[in-house]
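A.B. asks: Just dropping this structure here.
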Amino acid sequence: MKKIFGVDLGGTTVKMGLFDENGEVIEKWEIITRKEEGGKLILPDIAGSIKSKMAEKSIAKEDVIGVGIGVPGPVDGKGVVYKCVNLGWGVFSVKDTLSELLDGIRVEAGNDANVAALGEMWKGGGQGHSNMVAVTLGTGVGGGIIIDGKILTGCTGAGGEIGHIHVRDGETDSCGCGNKGCLEQYASATGVNRLTRRRLAKDNKPSSLRGKDINAKVVWDAVKEGDELAIEVAEEFGEYLGKGLASVAGVVNPEVFVIGGGVSKAGDILIKYMKPHYESNVFHGSRDCKFALATLGNDAGIFGAAKLVIE
């Protein structure tokens, strides 16, 4: 049976998976992301690890269908990355460069959030649907849009950047992208912290959160325990996220939103506070869209990368 390699390139580690042609994972492993020297060691390290695994498993080059890779930056439909700032990369073809390092083995490349979305559609929370939006609520807010089973990349690979939808006027803090009032500033883990700190400073309302080191888990645990101030934060969070996703739905009309990332570990309570705001703002044609939690966790990227090759 022929084999596929899936690669999820992160700023700290590179997650890698060996799959059979049916998409069943055979083995997973990681290597360190060496970002020194402008990131020029990263792709040779990945190629070296794949070649070592091929030798270990006695896999011939002709038995490899291809290698898929998700990278943390915009990637167009031809496999060209348009800068990965946190890796030190400029504009170049990841697809062609990695293929050359692998002696001509086929390579397919995509943005990491988009690739993770493809993984969730294929084997995770979006399974059974071909039109979906994956929302990753982590340090920031990532997104991946799948239309008719294909990743929506846009002309420079910047499609699906839902974290940078404008949802609030009058914001004084800047988002990491340089704009102000982005969804990411309120619906991410750091966004929950921002909303909580602001609410605590508003008045002296009693709360179990006072005096604690604030993080998203602490806040959502307080919500589940009935803390009134935490619930106010959850309502505000839900309003921003619901309105943001309603805007997305009005453009792409998905069957399902799949919500992942560290904040999603709070569970279905996120959907409870978000969904009413979604339904009150969305165009009626998308009002019945489903919501699900991601199920693949940190493996979504390698599954999606493998799916890139199968596609």
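A.B. asks: Using only alpha carbon pairs under 8 Å that are at least six residues apart, calculate the relative contact order of segment 107-211 and give it in whole percent.
C.D. replies: Value for segment 107-211: 19 percent.
A.B. asks: Set Lys and Arg Cβ to +1 and Asp and Glu Cβ to -1, take the dipole of the chain about its Cα centre, and tell me which of Q185, T196, T136 lies farthest positive.
C.D. replies: T196
A.B. asks: Along its three principal axes, how long is segment 239-311 when you only count alpha carbons? Whole Å, largest extent first please.
C.D. replies: 38, 28, 16
A.B. asks: For labels at T139 and L41 in the simple 7 Å Cα→Cβ model, what's the distance in nm?
C.D. replies: My value for the distance between the label points is 2.0 nm.
A.B. asks: Compute the distance from the alpha-carbon center of segment 1-70 to that of segment 152-191, in whole Å.
C.D. replies: 31 Å
A.B. asks: Give the Cα extents of segment 101-195 along the principal axes, in whole Å, largest first.
C.D. replies: 50, 34, 23
A.B. asks: For I165, list long-range residues whose amide hydrogen, built 1.01 Å from N in the peptide plane, is under 5 Å from its own amide hydrogen.
C.D. replies: Counting only residues 5 or more places away or on other chains, the set is L183, E184.
A.B. asks: Going Cα to Cα from K202, which aspartates and glutamates come in below 13 Å? Please leave out same-chain ones fewer than 8 positions away.
C.D. replies: Cα-Cα hits under 13 Å: E232.
A.B. asks: May I ask you to list the lysines whose Cα is less than 25 Å away from that of K275, ignoring any residue fewer than eight positions away on the same chain?
C.D. replies: Straight-distance partners of K275: K123, K180, K217, K224, K243, K265, K290.
A.B. asks: Roughly what angle does helix 269-281 make with the longest principal axis of the chain, taking Cα atoms, 0 to 90 degrees, to the nearest 10?
C.D. replies: Roughly 80 degrees, rounded to the nearest 10.
A.B. asks: Just the ratio, please: alpha-carbon radius of gyration of the chain over 2.2 N^0.38 Å, N its number of residues.
C.D. replies: On the way: Rg = 20.3 Å, N = 311, 2.2 N^0.38 = 19.5 Å.
Computed over Cα atoms of the chain, the ratio equals 1.04.
A.B. asks: Work out, step by step, the length gained on full extension between D103 and R287: first 0.36 nm times the residue separation, then minus their alpha carbon distance; give nm to one decimal.
C.D. replies: This chain segment gains 61.3 nm when fully extended.
A.B. asks: Among I4, A300, V14, whose Cα projects farthest towards the positive end of the dipole of the chain, with charges put on the beta-carbon of Lys, Arg (+1) and Asp, Glu (-1)?
C.D. replies: Positive-end residue among those listed: V14.
A.B. asks: Once the Cβ-Cβ distance between E225 and S280 is put in as r, and R0 is 35 Å, what FRET efficiency do you end up with, to the nearest 0.05?
C.D. replies: Details: r = 27 Å, r/R0 = 0.77.
After rounding to 0.05, the efficiency reads 0.85.
A.B. asks: Mind running the shape call on segment 21-151? Use the C-alpha gyration tensor, a ≥ b ≥ c as the square roots of the eigenvalues: rounded below 1.5 for a/c, prolate if a/b tops b/c, oblate otherwise.
C.D. replies: Working: a/c = 1.77, a/b = 1.19, b/c = 1.49.
It is oblate, given that a/c is not under 1.5 and a/b is not larger than b/c.
A.B. asks: While we're on this one: Would you kindly derive the ³J(HN,Hα) couplings of segment 222-235 from the backbone phi angles with the Karplus curve 6.51 cos²θ - 1.76 cosθ + 1.60 (θ = phi - 60°), listing them in order in whole Hz, with x for Gly and Pro?
C.D. replies: My calculation for segment 222-235 gives 5, 4, 5, 8, x, 5, 5, 5, 4, 5, 4, 5, 4, 5 Hz in order.
A.B. asks: Sticking with this one: At 37 °C and 0.692 mPa s, grab the translational diffusion coefficient of segment 1-45 from Stokes-Einstein with a Kirkwood Rh over Cα pairs, rounded to a whole number in µm² per second. List each step's numbers first, then the result.
C.D. replies: Numbers: Rh = 11.4 Å.
Using the Kirkwood radius from Cα pairs, D works out to 288 µm²/s.
A.B. asks: Relative contact order for the chain using alpha-carbon pairs under 8 Å, separation at least 6, rounded to a whole percent? Walk me through the numbers before you get to the answer.
C.D. replies: On the way: 676 pairs, mean separation 64.9, N = 311.
Computed over the chain, the figure is 21 percent.
A.B. asks: In percent, what relative contact order does segment 50-174 have, based on Cα pairs under 8 Å that are 6 or more apart in sequence?
C.D. replies: Numbers: 202 pairs, mean separation 27.0, N = 125.
Relative contact order, segment 50-174: 22 percent.
A.B. asks: Which of the aspartates and glutamates could a cross-linker bridge to K28, judged by Cα under 13 Å and excluding same-chain residues fewer than eight apart?
C.D. replies: Correct list for K28: D8, D20, D299.
A.B. asks: Simple spin-label model, 7 Å along Cα-to-Cβ: K61 to K212 in nm?
C.D. replies: Between K61 and K212, the label points sit 5.7 nm apart.
A.B. asks: To one decimal place, what orientation-averaged projected area in nm² is obtained for the convex hull of the Cα set of segment 159-311?
C.D. replies: On the way: hull surface 41.7 nm².
That works out to 10.4 nm².
Bear in mind these aren't lab numbers, they're just calculated from the coordinates by the rules spelled out. No experiment lies behind these values; they were computed from the predicted model shown. FYI the Cβ positions are ideal-geometry reconstructions off the backbone, even for glycines, and counts take in every protein chain you see.
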